[in-house]
Amino acid sequence: MNLISPFALWWLLLAVPVVVFYVLKIRLKRVPVSTVIFWRQIFDEKKPRSLWQRLRHLVSLLVQLALLAMLVAALAEPFFSWEAAGARRVVLVVDNSASMAATDVAPSRLERAKEEAAAVIRGLRPRDELAIVAVSPQPRVVCGLTGHHRTLLDALAGIPQTDGPSPLAAAAAVARRLAADTDGGGKEPQVVVVTDGCGEAAPAAADVRVVAVGEKVGNVGITRFQARRSTLDPIGYEVLIEVANQSDDPTGDFRLVLKLNDHPLDVVPLNLPPNGKWSKTIDSTTADGGRLTAELVVKGEKGDAPYPDALAADNTAVAVLPKREPMPVHLHSPAGNWFLENVLRANPLVNLTVGKQLADAPPPGAVVVYHREVPKTLPPGNVLVIDPANGCDLWAVGDKLANPIVTQQDKDSPVMAHVRLDNVLMPEAHKLTFTPAAGKPRVLAGVVTGDPVFAQIDRPSGPVVVLTVDLDKGELPFRTAFPILATNALALFAGGAGELREAVATGATADVNLPATGQAFELVSPDGSVRKLPAGAAKATAGPFDRCGVWAVTADGKPIEEVAVNLMNRAESDLRPTAPEAPPATAADAGLTSGLLGRPVWWYLTAAGFLLVALEWYLYQRRWIS
């Protein structure tokens, strides 16, 4: 037998004061009394002390010395050589992914998994070491290798429930590296995975032992939810929704409720067959932005209630719908043009003002549209020019083009989205010769001679879009391409922002643009927890997101950008284990607990010491020892 702390044996010196206190006799105090008659009578009646009575003090002394010896031996932590030879290095992998929030076992799968993991910790043999790895959203070591039970149990209790995926293969790889015997200690490596078997399956290997939690239950959830602004309708938007029934039974009747800022927009009744799914694209219009939510509800006796299944994380999904801001537009047209003016007025976001006199300075912040008459120097900002009759600082106007039929167009440009101008006649179109100040314009549409009739000039002060078409003589105003061109040009001037703010799945990351203000930026999760973002960067990577809901990037407490995060993971929503064979349901079934006989020697010595104290107390109360 060996000792871990042999210096603890010095505590045996406490036996000296124990013996001294038993040997010392109390010095009697002399007290004068009036008579000793009664004391003499008592002395005469007192019987001689027996051998046992003389040994009562000695037995008590031996009991105290035995207690001291047991406690000191426990402090020295003795162990046998076979205990060191059979020591293990265990890494406990705890699945805390979204599916572990299922309530098919009370109170949840994760809490049941923690109970089984705690049984593994309590079942550690002497000289064993154990580390804990949390799985979601990315494998993370929550406690390094140690044999201290309290430290391990506290770390286990601190593992949070997440809505992320379950990368069990990556977590098992991290666990193997932790369990590897790199220091030559000779300890047997072992990886224990506590999981429900949903999502990504645990790797099948000889050194990996799996403990399963949860039951095979069905689940209905929202597996896809995205919203974007329409590229055709300035105030329109589209919503893509997918709902899946991942069970072997039909769902029954329930409804999908779509809301914008808690105001109902649409209600869709659903009844899905076993293992079936439903998807739909819903179109609607509004200039307002905000949080768009979809929720599965059932109709009960007391009104609507959330869909009653084991997993709540996929019963609700959220998306951020950008708000459409009003756009001031100033039209300068000396002779006026009915087509152009009404195309601009048809846009519900446009606040249009019309002028016939060339203003010295256009309204601040407005998109300026010049029809025919163009100033010699175009003002800074967003400018749209239609049928220029004279030159300016960016181009010179030449002769009319012969046979100006469009034969080429830039299909990659957002201004040309959903537009086809092939073989469209552009009568009275003038030839433009661009000046060096225009740089290298982007030709959006050109005729057979190669001359541009529709071009985009990117200036540092703002883009310029020019269309050399006479609207009074051509057929373009009668085509659907004309209002689409105007809408696309206005969208270009708006910066193209707000078309799509993609909702991301849990476990993913997102790039967010940070304003150059020098402020400190924070990422606030739906539960209110805060993460710091790097300061001084124009772009930062946020995530990985481990909670469903809306995450906000803030500066001084004010939101700058919002990111919608949903489960959107069919593997996590499927609460039926993917393992072909059912693993053991408890740590005891897997042979991971050692029971009472697996305690270290110091534990038995401490227990024996307490039993000895109880025995001495009993004998003292019975007056067998003193």
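The values are calculated or read from the model by the stated rules, or taken from the named source; none is laboratory data. If you're wondering where the values come from, they're calculated on a predicted model, not measured in any experiment. So basically every Cβ, Gly included, is an ideal-geometry build from the backbone, and we count neighbours across all protein chains shown.
The set of residues in the stretch 425-451 being surrounded by 15 or more Cβ atoms within 10 Å (Cβ to Cβ) and assigned to a strand (DSSP E or B) consists of 425, 430, 431, 432, 434, 442, 443, 444, 445, 446, 447. State yes or no: is residue 492 within 17 Å of residue 383 (Cβ to Cβ), of a type in the set (A, V, I, L, M, F, W, C) and under 37 Å from the mean Cα position of the chain (by Cα)? Spelling it out, residue 492 is indeed within 17 Å of residue 383 (Cβ to Cβ), of a type in the set (A, V, I, L, M, F, W, C) and under 37 Å from the mean Cα position of the chain (by Cα).
Rundown of residues vs (1) part of a loop (DSSP other than H, G, I, E, B); (2) closer than 30 Å to residue 273 by Cβ, yes/no style:
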residue: 156; (1), (2): no, no
residue: 163; (1), (2): yes, yes
residue: 173; (1), (2): no, no
residue: 202; (1), (2): yes, no
residue: 221; (1), (2): no, yes
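If you go through the stretch 258-274 and pick out every residue that is surrounded by fewer than 17 Cβ atoms within 10 Å (Cβ to Cβ) and within 27 Å of the chain's Cα centre (by Cα), you end up with 3. Do we have any residue at all in the stretch 252-270 that's in contact with an Asp or Glu (Cβ under 8 Å, 6 or more places away or on another chain), among the β-branched types (Val, Ile, Thr) and farther than 20 Å from residue 494 by Cα? Checked the stretch 252-270: at least one residue is in contact with an Asp or Glu (Cβ under 8 Å, 6 or more places away or on another chain), among the β-branched types (Val, Ile, Thr) and farther than 20 Å from residue 494 by Cα. Count of the stretch 452-492 residues, restricted to those that are assigned to a loop (DSSP other than H, G, I, E, B), closer than 21 Å to residue 342 by Cα and free of Cβ contacts under 8 Å to residues at least 40 places away in the same chain, is 1.
Determine, yes or no, whether residue 125 is over 27 Å from residue 572 (Cβ atoms) and either more than 27 Å from the chain's Cα centre (by Cα) or in a helix (DSSP H, G or I) (or both). So residue 125 passes the test. When residue 339 is tested against (1) assigned to a helix (DSSP H, G or I); (2) in contact with a strand residue (DSSP E or B) (Cβ under 7 Å, 6 or more places away or on another chain), exactly one condition is not met: (2). Among residues of the stretch 393-413 that are within 22 Å of residue 464 (Cα to Cα) and in contact (Cβ under 8 Å) with a residue 24 or more places away in the chain, those with a beta-carbon under 8 Å from a residue that is crowded, with 17+ Cβ neighbours inside 10 Å and among the aromatic types (Phe, Trp, Tyr) at least six positions away or on a different chain give the pairs 409/454. When the criteria are applied in full, residue 422 fails the requirement of being of a type in the set (Asp, Glu) and surrounded by 14 or more Cβ atoms within 10 Å (Cβ to Cβ). For residue 72, state whether it is assigned to a helix (DSSP H, G or I) and modelled with pLDDT of 80 or more. In short, yes. Among residues of the stretch 58-73 that are in contact (Cβ under 8 Å) with a residue 12 or more places away in the chain, none has a Cβ under 7 angstrom from a residue that is part of a helix (DSSP H, G or I) and of a type in the set (Lys, Arg) at a sequence gap of 6+ or on a separate chain. Quick one: which of 284, 247 is hydroxyl-bearing (Ser, Thr, Tyr) and within 30 Å of residue 486 (Cβ to Cβ)? After ruling out the rest, the residue left standing is 284. Only one of these is closer than 20 Å to residue 169 by Cβ and either of a type in the set (Phe, Trp, Tyr) or buried (at least 17 other Cβ atoms within 10 Å of the Cβ) (or both): 155, 131. Name it. The unique qualifying residue is 131. The residue list 180, 175, 202 contains one member that is farther than 19 Å from residue 547 by Cα, surrounded by fewer than 24 Cβ atoms within 10 Å (Cβ to Cβ) and not assigned by TED's automatic domain parsing to the domain that holds residue 544, which is 180. State all residues of the stretch 397-406 that are surrounded by 15 or more Cβ atoms within 10 Å (Cβ to Cβ) and over 15 Å from residue 475 (Cβ atoms); if no residue qualifies, say none. 397, 401, listed by residue number. Of all positions in the stretch 47-59, at least one carries a residue that is closer than 20 Å to residue 618 by Cα, surrounded by 10 or more Cβ atoms within 10 Å (Cβ to Cβ) and modelled with pLDDT of 70 or more.
Among the residues of the stretch 227-250, the ones that are of a type in the set (Ser, Thr, Tyr), assigned to a loop (DSSP other than H, G, I, E, B) and either surrounded by 20 or more Cβ atoms within 10 Å (Cβ to Cβ) or at pLDDT 90 or above (or both) come to 1 in all. The strands (runs of 3 or more DSSP E) found wholly in the stretch 527-572 and carrying at least 2 residues that are of a type in the set (Val, Ile, Thr), under 30 Å from residue 277 (Cα atoms) and modelled with pLDDT of 90 or more occupy 558-566.
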